[in-house]
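Structure record follows, encoded as structure tokens.
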Amino acid sequence: MTTPGAFRVASWSLTAYRRFWRLNLLSSLVQPMLYLLGLGVGVGSLVDRNVGSGDVLGSVSYVAFVAPGLLITTAMALGAGESMWPVMGGLTWQRGYHGIAATELEARDIVLGHATWMAVRCGIAAAAVALALACFGETRSWGLIPGVLVAILVGLSFAMPIMAFSIGVKLDGAFAGVQRFLIIPLFLFGGAFYPLTQLPTLVQWIAKFFPLWHGVVVARDFSLGTVDWPGVAGHLAYISVWIAAGIWVATVRLRGKLYP
């Protein structure tokens, strides 16, 4: 649950964001547009010519299949990236978290403030992607609206556990490992760009362990209008467990670091 202190922490992050929001919003529009044109439209035209009806994608065009994956992976990458170096900066470089700890705010306020800010950031980025997707007839759908909400949850499900990890990191070289061995493999093999069934069984189970695949499935169901509500509830519950666990661990670790 968000606290009044959490909103104060989030507003602190907003103050810094005001300096570069235009460039950030522009990149959030351009990058998915390039992905959609290159991977969705370019590669998709080859896939559609070689995938017949009833095959892996059935009657769904490849660009329509990929679009929800772009929405969710954007939030994943943003939530993860903004919970590594910025968190370490707040503890080690700029030491902004130490300044907050000197006030009446608690560790829970800092963690929930970060969660609130990540929800806003992921929401802005996901909305920008949805706007880009709405420019194309094959990816335009009312399902993009709930897809943005799902993207926010997925962004938080990566942001909060990674924040918990970042609190204990002493050197930022560890973050390159997170990007190289977690975020990039999930981006490529998490079910965003082709059905997970095309991968070996072990890889499928690893991908299903992380919240990305669950978010992609739900967003794709909304986008294509094939919503299975019990399945959606199960996927969203699993994503929420990741968020709650990340918040709890981050709060405990931050309290031990700043409030001895």
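Bear in mind that the values in this text are calculations on the coordinates, not laboratory data. Small disclaimer: the values here were computed from a predicted structure and weren't measured. Virtual Cβ from ideal backbone geometry, glycine too; neighbours counted across all protein chains shown.
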Taking the Cα centre of the chain as origin and charging only Cβ (+1 Lys, Arg; -1 Asp, Glu), how large is the dipole, in debye to the nearest 20? 700 debye
Estimated FRET transfer efficiency (Thr226, Ser11; beta-carbon r; R0 45 Å; 0.05): 0.65
Using a 10 Å cut-off on Cβ atoms, rank the peptides 251-258, 222-229, 116-123, 159-166 from the highest mean neighbour count down. 159-166, 116-123, 251-258, 222-229
Quick one: if the Förster radius is 51 Å, what FRET efficiency do Leu149 and Ala102 give, using the C-beta to C-beta distance and rounding to 0.05? 0.90
Just to compare against my own numbers: the Cα pair-distance distribution for segment 189-234, 10 Å bins, whole % per bin, please. 28, 52, 19
Residue span Arg18 to Leu188: 0.36 nm per residue of separation minus Cα-Cα distance leaves a gain in nm of 58.0 nm
Most fluctuating of Thr139, Thr73, Thr92 in the GNM of the chain (C-alpha, under 10 Å) is Thr92
Tell me, what are the semi-axes, in whole angstrom and largest first, of the equivalent ellipsoid of the chain as set by the roots of 5 times the Cα gyration tensor eigenvalues? 34, 19, 16
Could you give the length gained by full extension between Val30 and Arg180, i.e. 0.36 nm per residue of separation minus their alpha carbon distance, to one decimal place? 51.7 nm
Two-decimal ratio, segment 107-260, of alpha-carbon radius of gyration to 2.2 N^0.38 Å: 1.11
For q values of 0.24 Å⁻¹, compute log₁₀ I(q)/I(0) with the Debye formula on a Cα-only model of segment 81-172, without solvent. -1.14
Taking every eigenvalue of the Cα gyration tensor of segment 134-181, multiplying by 5 and rooting it, what semi-axes result, largest first, whole Å? 34, 13, 6
Figure the gain on full extension for Lys257 and Val60 (residue separation times 0.36 nm, minus the Cα-Cα span) and round it to one decimal in nm. 65.9 nm
Let me spell out the model: positive unit charges on the Cβ of Lys and Arg, negative unit charges on the Cβ of Asp and Glu, origin at the Cα centre of segment 62-207. What dipole size does that give, in debye rounded to 20? 180 debye
Can you tell me which of 233-241, 207-215 comes out highest on packing, and rank the rest after it, using the mean Cβ neighbours within 10 Å? 207-215, 233-241
